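Participant: Below are the structure tokens for one structure; questions will follow.
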Amino acid sequence: MRIIRDVAAVRAAVDGAGRVGLVPTMGAFHEGHLSLIRAARESCDLVVVWLFVNPTQFNEASDLANYPRDEERDAALAAECGTDILFAPPVDQVYPAGFATTVSVSGIADVLEGAHRPGHFTGVATVVAKMLNMVGSDVAYFGAKDAQQVAVVRRMVADLDIPVTIDVLPIVREPDGLAMSSRNVRLSADERRRAAALHRGLAAARDAAAAGEQDAGILASIVADELERESITAEYVAVLDPETFEPVASVERPTLIALAARVGPVRLVDNMEVTP
Ligand code: PAF
């Protein structure tokens, strides 16, 4: 595996390499990231892992400052999973002096995470547009945990005619159901135990929907009640159309329940598809 830090070198490496798979990450790898790298390895000739803690998508300085970073560990894990190139550019490669262009997706990026984290999706869309242009991959792999990010990226790729396929892999969970996230390492032992309520709540709503409950308000309150039992207050619990992210009042077809909640100092997101 090569570690590359500049755009010219990554373009030269990708040129003529066949089917190129890109795995966008901010590092601090867990099984969720590794599942994306393995999927890319299975279906691509060249696997490029993007490793860049993108400052423009953090709306809280403390979240950026505390974001876990360990390039040496990440590089070892990426190599084990068959990565060919770890592309880890410095900030001034991505945002050189005079940088003045942003990509902002309206509508779908304005609700939920967009409403609670102003500027977040402009930061994400801009850096994803940049990495897709820099690498020129055929496929880019994303995890379903950040469901709204996936919807925003799909919208941007369609609107800007970026020639890439977006492949989405299922959420990878801990044995107690907590969705894997780089931020989980910041939970204390007690917060980590309580955080399993996010998945319990979503699973309870999924079971209620499968048993015939269609009312979105009732399903959202099933999730919120489970969180309250662990003294966790949700920032939002939303019952949505999975493609448009418009709220739905009744579950008539596969529907997404998405939530965000702070457990101690750590803000976590999760989601689950429910079917009537
Ligand atoms: O999902 C992430 O890790 C980030 O939002 C991404 C897509 C790598 C952009 O910085």
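The values are calculated or read from the model by the stated rules, or taken from the named source; none is laboratory data. This is a predicted model, so every value here is computed, not measured. Note: ideal-geometry Cβ built from the backbone for every residue, glycine included; neighbour counts use all protein chains shown.
Participant: Given the structure, is Ile162 out of contact with any strand residue (DSSP E or B) (no Cβ under 8 Å at 6 or more places or on another chain), outside any helix (DSSP H, G or I) and within 24 Å of Leu36 (Cβ to Cβ)?
Facilitator: Answer is yes for this residue.
Participant: Out of (1) buried (at least 16 other Cβ atoms within 10 Å of the Cβ); (2) more than 13 Å from the ligand (Cβ to nearest atom); (3) in contact (Cβ under 8 Å) with a residue 60 or more places away in the chain; (4) not aliphatic (A, V, I, L, M), the odd one out for Arg2 is which?
Facilitator: That leaves (1) as the condition not met.
Participant: Sticking with this one: Only one of Asp190, Asp270 is charged (D, E, K, R) and over 27 Å from Ala125 (Cβ atoms); which?
Facilitator: The match here is Asp190.
Participant: Looking only at region 185-215, count how many residues are more than 18 Å from Val237 (Cβ to Cβ) and touching a strand residue (DSSP E or B) at 6+ places or on another chain (Cβ under 7 Å).
Facilitator: So the answer is 3.
Participant: Another question about this same structure. Determine whether Gly177 is in a helix (DSSP H, G or I) and modelled with pLDDT of 95 or more.
Facilitator: no
Participant: Just need a number here: residues in region 43-67 that are under 17 Å from the mean Cα position of the chain (by Cα) and within 24 Å of Gly114 (Cβ to Cβ). Quick ask: steps written out before the conclusion?
Facilitator: Initial filter on region 43-67 (under 17 Å from the mean Cα position of the chain (by Cα)): 49-59, 63-64, 67.
Now narrow it down to the ones that are within 24 Å of Gly114 (Cβ to Cβ): 50, 52-59, 63-64, 67.
Here the count works out to 12.
Participant: Filter region 38-55 for residues that are within 13 Å of the ligand (Cβ to nearest atom), buried (at least 19 other Cβ atoms within 10 Å of the Cβ) and either among the β-branched types (Val, Ile, Thr) or more than 15 Å from Gln93 (Cβ to Cβ) (or both) and give the result.
Facilitator: Correct list: Val48, Val49.
Participant: Against the condition of a type outside the set (Asp, Glu) and either crowded, with 19+ Cβ neighbours inside 10 Å or in contact with a helix residue (DSSP H, G or I) (Cβ under 8 Å, 6 or more places away or on another chain) (or both), how does Val152 come out, does it pass?
Facilitator: In short, yes.
Participant: Looking at Glu228 and the list (1) touching a residue at least 12 places away in the same chain (Cβ under 8 Å); (2) over 17 Å from Glu113 (Cβ atoms), which single condition is not satisfied?
Facilitator: Failing condition for Glu228: (1).
Participant: May I ask you to list the residues in region 14-36 that are in contact (Cβ under 8 Å) with a residue 12 or more places away in the chain and more than 13 Å from the ligand (Cβ to nearest atom)? Before you say what the answer is, go through the steps one by one.
Facilitator: Taking region 14-36 and keeping what is in contact (Cβ under 8 Å) with a residue 12 or more places away in the chain, we get 14, 17-36.
Across region 14-36, the qualifying residues are Val14, Ala17, Gly18, Arg19, Val20, Gly21, Glu31, Leu34, Ser35.
Participant: Return the only residue of Arg117, Arg73 being at pLDDT 95 or above, among the basic types (Lys, Arg) and either within 19 Å of the chain's Cα centre (by Cα) or closer than 28 Å to Thr165 by Cβ (or both). Reasoning before the result, please.
Facilitator: Details: Arg73 fails: either within 19 Å of the chain's Cα centre (by Cα) or closer than 28 Å to Thr165 by Cβ (or both).
Exactly one of Arg117, Arg73 is at pLDDT 95 or above, among the basic types (Lys, Arg) and either within 19 Å of the chain's Cα centre (by Cα) or closer than 28 Å to Thr165 by Cβ (or both), namely Arg117.
Participant: Moving on to the next point. If you check Arg267 against the conditions, is it more than 16 Å from the ligand (Cβ to nearest atom), within 22 Å of Glu31 (Cα to Cα), among the basic types (Lys, Arg) and in contact with an Asp or Glu (Cβ under 9 Å, 6 or more places away or on another chain)? Explain how you work it out, then say what you get.
Facilitator: On the way: more than 16 Å from the ligand (Cβ to nearest atom): no; within 22 Å of Glu31 (Cα to Cα): yes; among the basic types (Lys, Arg): yes; in contact with an Asp or Glu (Cβ under 9 Å, 6 or more places away or on another chain): yes.
Answer is no for this residue.
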